[in-house]
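Asks: I have a structure here, written as structure tokens, and I will follow up with some questions on it.
No lab work stands behind these numbers, since they all come straight from the coordinates. Here the structure is a predicted model, which is why all the values come from computation and not from measurement. Reconstructed Cβ throughout: ideal geometry from the backbone, glycine too, with neighbour counts over all protein chains shown.
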Amino acid sequence: MTSDGASHSPVSTARVTGAVTRLADTRIALLGWPVAEIADKLGRVGERFSDPADPLTRKTIEAVEAEAGLSIPMVRRIVSGMARDWTRARLRELLAREFLDPTVLDGFVPDPRGRRRLRALGDPVALHIGSGSVPGVSTTSMIRSLLVKTPVLIKPGGGDRALIEAFRHGLEEEAPELAASTAVLYWRSAEQAVLDAALLGVSRVVVYGSDAAAAKIRGKVPITTPITVYHHRFSIAVLGPDAMEGKEGEAAAAQLAWAVSTFDQRGCVSPHRVYVLGAEREKLHAFGEGLARAMAAEAAKAAPGPIAPGGAARLQQYRAELRMRAAVDPAVAIWSSPEASWTVVVDPDPSSSSLGHTRGVVLVPVADRSEMASRLRTLGPHLQSAGIAGVGGASSLADELSELGVTRIVPLEELPFPPAWWAHDGSGPLRALIRWVEFES
Amino acid sequence: MPEWLGRLRAHFRNPDQGMSPGEFESLARAVFEHQVGSNPAYGAYCRSLGLLPDTVASWTEIPPVPASAFKSLDLFSGTPLATAVGEPEVVFETSGTSRGRELRGRHPVASLELYREASMPWFGRHLVPEDQPLTILSLLPAPDVVPSSSLSRMAAFAVEAWGGPDSRFLADPDAGVDGPAVRESLDRAQVDGEPILLVGTAFAWVHWLEWAQAEGYEARLPEGSRLMETGGFKGRSRVVPRVELYRGLEASLGLPLDRIVNEYGMTELLSQLYEPVLAEPGPTGGATPVEGRSHRAPPWLEIQVLAPETLDPLPQGEVGLLSFMDLANVGSVSAVLTEDLGRVDAQGGLHLQGRAPGAEPRGCSLALEGMLEAQP
């Protein structure tokens, strides 16, 4: 599936080169658009995806289900959650949060802190490379690029093609001249020649992907071409004793189940491990049971997508091994669905094996924050978000988590859908895509 | 020695006699009872599931342990045969991977003699059906160098049973296959004109082919020679499709494809399965295609094919997860759930589909094990 204003033939190096050239030709026109107007046009398209009755949304939901391997209710949840940030109001707020004066994207504006004038400038043309099957990632990336007035060629992830195609279709209807500054072409990662051709003509690169894939692309990019890498990460949760019992415990379990289940746990914002501070075994196991009920309820609301035989095989090994350990070690416990829908584990000594992306969560009891820190220290470069609940001294915990590598600390229920202006892996999402120009006369 | 163990050993010695379903059921129950009673981890597991010798309706309900449990739990059951039941005579270990951090599986073996009894007759049926001495060249380290290798031990048993004076082990755990030594042995075999048996892992054969190609060496092995290939490419940087490997061996050694036998085995099982290309040659006498071959299990090993998501048994012929009931594992745990996929045909042949690699959906989230294993 491709969309670049050209024919729908397989992607060739010539086609990619042609697309990059055409995109570069639209830069002057794009620079002439006030950023507020761009945000308005994008927002009008984005708002269609918040309307479940919109024919474009309905058609998109079905297409996403087929390609991403997610259930329809989960696709609806993801699309509506993503689209929350694609509205006019949210895009205006994104611009306002990223820039004191968003018109700095339109031209030089006075720097309130000095005599100079500043301008935030995008690039002649960018290549954004997505990966995987989290719907909406590529669409958000395209929106960001247009907001900084950079024409963009998007190579979406294999499971993230339908939504960006639909968005681009909506943009063609709403603002064809803006859509002309975008192209969506899909090729397989093995097609290195196509990637090389794309890299040749662009002046900025954004990569989402595994550490290995991102490193490979980074090695190909000239030193003069800025590159932003969103490599693979995972998220955690930290629970204090206050979040383990009573109504607070029920709420924490429900929020955690929601966070684990959303995206079928494929998102970098999806928690995999929960560090439980100073909990007694009995309370921890009672919380585990409650979490298991909440996971079952989540599965009933939005079933997980199909699991591949290889994933199921690994899951069965993990579950059976945990059951064996639980039989001889009362500190270990496991609850799971009869099929592969979800798994909850209490494991004081989680091994290198894991549940993969199968809505599996491991509760790790730790005596205190010092023990938690020592366990997390080696994982730092891959940590993303931390959801917290029931923790006293949250500010000092935030300091400690920041030091470990976490870039976002939020209440549990906020984990899956960060706002448009979040510090994505530690950087402002628009500020990561511009260069500052200062002008002093 | 209990009566049931004597019966089981008699079956080991005479695999061609087969085993009736009733006999398998009886022996499986006896082995299960022994293992539940003597293996604390397995016994506790079975009790937690409520599946015990007096509650299971048939051997198919005996709880399998996951192969991964051999990495984290002590699964020694001892045997009534061993004089010192408290200690395994040897512990076989799974091979490591290039990632280095992965724990190795450990299979405690109560009695090497039982391993020999359970492995050799079935080996002989599939690799030395004429039961005559021959030179055995193993592209493996010798068992005194790697005592934890079940494969090297099995090759040593074969040498003791059938090996001629020129039989040798021709690999080193660090340096790999000793190309010049293999060449020397192959040259001698060609001069002698007597058939030989070659034994090695798939990766060793790839190593050998690369060496032979670089040296421009080709052999034409005496008629009647045969080769056993086993194992995959776990943790290796290079993976060669099986057909390509066999074609390479055919060209390099002058060995017809229907003289190449694949063995399916794993450290966690003391029995092995073989392609019966020598034991049951095709009716046309032509080369047996590599694709479509199946493996034969010995009578004391039964296979269950399970639905990957639920572990419910699948109808015969459907592809699913393989779970084995290997009575040769009497000293550890006999019921073992693997990560391998396959199906069993109407004749009982096992058609392996291997391990489903990384097929799960991916996102921007990192699967935790990938990261942990990547650490030094």
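Asks: Counting only other chains, what is the mean number of Cβ atoms within 10 angstrom of the Cβ of each residue in peptide A:202-212?
Replies: 1
Asks: Pick out, from B:ILE196, B:PRO165, B:LEU249, the residue whose Cα sits farthest towards the positive end of the charge dipole of region B:113-274, with +1 on the Cβ of Lys and Arg and -1 on the Cβ of Asp and Glu.
Replies: It is B:LEU249.
Asks: Also, I was wondering about something else. To make sure I understand, if each residue's beta carbon is the centre and we count other beta carbons within 10 Å, what order do B:TRP205, B:TRP162 fall in, fewest to most?
Replies: Lowest to highest Cβ neighbour count: B:TRP162, B:TRP205.
Asks: Could I ask something else about it? Would you mind ranking B:MET120, A:MET295 so that the residue whose beta carbon has the fewest other beta carbons within 10 Å leads the list?
Replies: B:MET120, A:MET295
Asks: Same structure, new question: Once you sort the root eigenvalues of the Cα gyration tensor of region A:234-414 as a ≥ b ≥ c, which label holds: rounded (a/c under 1.5), prolate (a/b larger than b/c) or oblate (the other case)?
Replies: Because its axes are fairly even, with a/c under 1.5, region A:234-414 counts as rounded.
Asks: Still on this structure: Mind listing the long-range amide H neighbours of B:SER111? Cut-off is under 5 Å, sequence gap 5 or more, other chains count too, H placed in the peptide plane at 1.01 Å from N.
Replies: Amide H neighbours of B:SER111: B:GLU89.
Asks: Treat every Asp and Glu Cβ in chain B as -1 and every Lys and Arg Cβ as +1, leave all other atoms uncharged, and give the resulting dipole magnitude about the Cα centre to the nearest 20 debye.
Replies: Here the size comes out at about 460 debye.
Asks: So how do A:LYS59, A:LYS247 line up by other beta-carbon neighbours within 10 Å, fewest first?
Replies: If I rank by nearby Cβ atoms, fewest first, I get A:LYS247, A:LYS59.
Asks: Using unit Cβ charges (K, R positive; D, E negative) and no other charged atoms, how large, in debye to the nearest 20, is the dipole of region A:82-231 about its Cα centre?
Replies: So the magnitude is around 560 debye.
Asks: Which of the lysines could a cross-linker span from A:LYS59 if the Cα-Cα distance has to be under 22 Å and same-chain partners fewer than 8 positions apart are dropped?
Replies: Those lysines meeting the cut-off are A:LYS41, A:LYS155, A:LYS301.
Asks: Starting with the highest mean, order B:293-303, A:89-99, A:252-262 by the number of other Cβ atoms within 10 Å, averaged over the residues of each peptide.
Replies: Descending mean neighbour count gives A:252-262, B:293-303, A:89-99.
Asks: With charges only on Cβ, +1 for K and R and -1 for D and E, what is the dipole size of region A:219-308 about its Cα centre, in debye, rounded to 20?
Replies: 500
Asks: Okay, moving on. If I model a spin label as a point 7 Å beyond the Cα along the Cα-Cβ vector, how far apart are those points for B:ARG104 and A:ASP54 in nm?
Replies: Inter-label distance under the simple model: 5.9 nm.
Asks: Which entries in A:LYS247/A:LYS283; A:LYS149/A:LYS216; A:LYS283/B:LYS71 show an alpha-carbon gap greater than 18 Å?
Replies: Among A:LYS247/A:LYS283; A:LYS149/A:LYS216; A:LYS283/B:LYS71, the Cα-Cα distance tops 18 Å for A:LYS149/A:LYS216; A:LYS283/B:LYS71.
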